[in-house]
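The values are calculated or read from the model by the stated rules, or taken from the named source; none is laboratory data. Note that the structure is predicted; figures quoted are calculated from it, not measured. Positions of Cβ are backbone-derived with ideal geometry, glycine not excepted, and every protein chain shown enters the neighbour counts. Note: areas computed on protein heavy atoms with side chains; ligands, DNA, RNA excluded. Shrake-Rupley method; radii C 1.70, N 1.55, O 1.52, S 1.80 Å.
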Amino acid sequence: PATGQDLGTVAAAGAADLDRAVAAARQAQGDWAALAPLARARILRAVVERIRAHRDDLAMLDAIDCGNPLKGMLFDVDLGTTLLEYFIGLAPEVKGDSVPSGQGRMTFVRREPIGVVARIIPFNHPMMFILAKMGAPLVAGNAVIFKPSEHTPLAALRIAELVGDLLPAGLFSVLNGDGRLGAAMAEHPGIGNVSLVGSAATGRAVMRAGASTLKRLTLELGGKNALVIWPDADIDKAVAGAVRGMNLGWTGGQSCGSTSRVLVHDSVHDAVVERLAAAFEAIRLGDPTSAETEMGCMSTRPQYEKVLSYIDAGQQGGARMVAGGPVPEHLSGGYFVRPTVFADVTPDMRIASEEVFGPLLSVLRWTDEEQMFAMANAVEYGLTASIWTRDLDTAMRAAERLEAGYVWVNNSSDHYPGAPFGGVKQSGIGREECLEEILGYTEQKTVAISFAG
């Protein structure tokens, strides 16, 4: 993506390939589930060690394949292995309960693996998602089949190559393909759960395809996330939080959690816009494989063209571009887009309500708090929100009123293993990065026993 050159071709899996992968997964899963939880954990710790031994090469592969900067991709490998370790540590916690039933009776609840899990991952964090998303289903005793984005398949293939000998044959598979393969996974009767990280439109498609078999679903979908600045906020920290919240140095703004709408009080509006524009203009675009690069490029040509179309829509719709413009000539061969800030944005504009999934930040002005909450909650999404104020009462009131699954106060972008991540409304179903995720890959079985006593 940084040069527009072809990296090569991978095979696209068809229906017969999926059938073979499911059959192999089902055969491996029974023996895997029969292992003691700590035995599974020991095997997966060896996977972590193998990955960490190849950290630098894996990060470079991701930088080449998806266009995110090397520094961010080193963090992705570290984050992915950290989340994998987190789930390994939860292995003994995948347990049931006992229920008081009266004399001569005992009732208890077992947690058993679902069986075969399919995980569909996007192009923005190829390496991190393959590492982070294998942990919960495998620790819970399932087999897992991954479908990476057809645009960025190399991370998943390399992970499979590196750790395949550590896991039972068939337990962990990678199939390449486009949306047709994803739909086939959602429809396949041998797959018990489909988990998607992707757009809301793709989530709805997966849900429709999975309806025929009442598939269990985990959907982590898009966002059009609000970062709200009150008059009493520390303006410099709020602006830094808004820049950080866009994840520009991590994914070029191609992030479902990006705080891509800044709702700023009228009394500090002009100062915020001026400082945001200066901060965005200072970000250095460059070769993703260079350690000096602050922001890379869009991962795919369709995404590049989509972002440019939204920039055009912002200009045509009457918003004022205060940062952005053409990229330097030496970067014109790749999918580079300069970080862009629009001011004078109104809620009816497309750039205020639709997910761009790129380095485009919209600034909206507010004076009345009720008006602000109405604007913030008017979009169909509800993934994250960020609140900037020095007043605890304001922060607590806003955290309650904002419709989002994950809310930061005087912070942005950070994730904490163990803290549930996921959205409301069109931003998804279920929670990840927490105990609830691993339990979501189990079925509960109630066993009621009567005995003489």
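Taking Cα pairs under 8 Å and at least six residues apart, what relative contact order does the chain come out at, in percent?
20 percent
Sort 382-390, 442-450, 410-418 by the packing proxy (mean of other Cβ within 10 Å over each peptide's residues), most packed first.
382-390, 410-418, 442-450
Excluding THR346 itself, what net charge comes from residues whose Cβ is under 13 Å from its Cβ, given Lys and Arg +1 and Asp and Glu -1?
Here the charged neighbours net out to +2.
Summing +1 for each Lys or Arg and -1 for each Asp or Glu, what net charge is found among the other residues whose Cβ lies under 13 Å from the Cβ of LEU61?
Summing Lys/Arg as +1 and Asp/Glu as -1 gives -4.
Set Lys and Arg Cβ to +1 and Asp and Glu Cβ to -1, take the dipole of region 226-409 about its Cα centre, and tell me which of PRO231, VAL272, PRO328 lies farthest positive.
With unit charges placed on the Cβ atoms, the residue in question is PRO328.
Give me the distance between the Cα centres of region 299-338 and region 219-263, rounded to whole Å.
Between the Cα centres of region 299-338 and region 219-263 lies a distance of 19 Å.
Can you work out ³J(HN,Hα) from phi for every residue in region 362-368, in order, using Karplus 6.51 cos²θ - 1.76 cosθ + 1.60 and θ = phi - 60°, giving whole Hz and x for Gly and Pro?
With coefficients 6.51, -1.76 and 1.60, one gets 9, 10, 10, 9, 9, 10, 10 Hz.
Return, ordered by residue number, the residues of region 426-453 whose backbone nitrogen is under 15 Å from a label point located 7 Å along Cα→Cβ of SER98.
Only 447-451 pass the distance filter.
Which entries in LYS71/LYS425; LYS215/LYS445; LYS133/LYS215 show an alpha-carbon gap greater than 22 Å?
LYS71/LYS425
When the chain is fully extended, how far beyond the present Cα-Cα distance does ARG55 get from ALA282, taking 0.36 nm per residue of separation?
So the chain would gain 78.8 nm between ARG55 and ALA282.
In nm, to one decimal, how far is the ASN377 label point from the GLN316 one, both placed 7 Å along Cα→Cβ?
3.3 nm
What accessible area per residue comes out for the chain, rounded to a whole number of Å², with a 1.4 Å probe?
For the chain, the per-residue accessible area is 41 Å².
Roughly how many whole Å is it from the C-alpha centroid of region 367-442 to that of region 173-201?
Cα centroid of region 367-442 versus Cα centroid of region 173-201: 27 Å apart.
Just add up the charged neighbours of ALA211: K/R +1, D/E -1, any other residue whose Cβ is under 13 Å from the Cβ of ALA211.
Around ALA211, the surrounding residues sum to +3.
Distance in nm between label sites at SER309 and ARG208, each 7 Å beyond Cα in the beta-carbon direction?
1.9 nm
What nm distance separates the two modelled labels at LYS237 and VAL10, each placed 7 Å from Cα along Cα→Cβ?
With each label placed 7 Å out from Cα toward Cβ, I get 4.2 nm.
Just going by the charge dipole of the chain, with Lys and Arg at +1 and Asp and Glu at -1 on Cβ, which of TRP388, TYR416, GLY192 is farthest out on the positive end?
Toward the positive end, the furthest listed residue is GLY192.
Charges only on Cβ, +1 for Lys and Arg, -1 for Asp and Glu: so what's the dipole of region 233-350 about the Cα centre, in debye to the nearest 20?
Using Cβ point charges on Lys, Arg, Asp and Glu, region 233-350 gives about 300 debye.
What relative contact order, as a whole-number percentage, does region 226-409 give when Cα pairs under 8 Å and 6 or more residues apart are counted?
So the answer I get is 27 percent.
Which cross-chain or sequence-distant (5 or more) residues have an amide H under 5 Å from the amide H of SER386, H modelled 1.01 Å from N in plane?
ALA226, LEU227, VAL228, TRP408
Evaluate the charge dipole of the chain about its Cα centre and quote only its size in Debye, nearest 20, assuming +1 on the Cβ of each Lys and Arg and -1 on the Cβ of each Asp and Glu.
Using only the charged Cβ atoms, the result is roughly 1480 debye.
Accessible area of the chain with a 1.4 Å probe: how many percent of it is carbon plus sulfur?
Carbon and sulfur together cover 53 percent of it.
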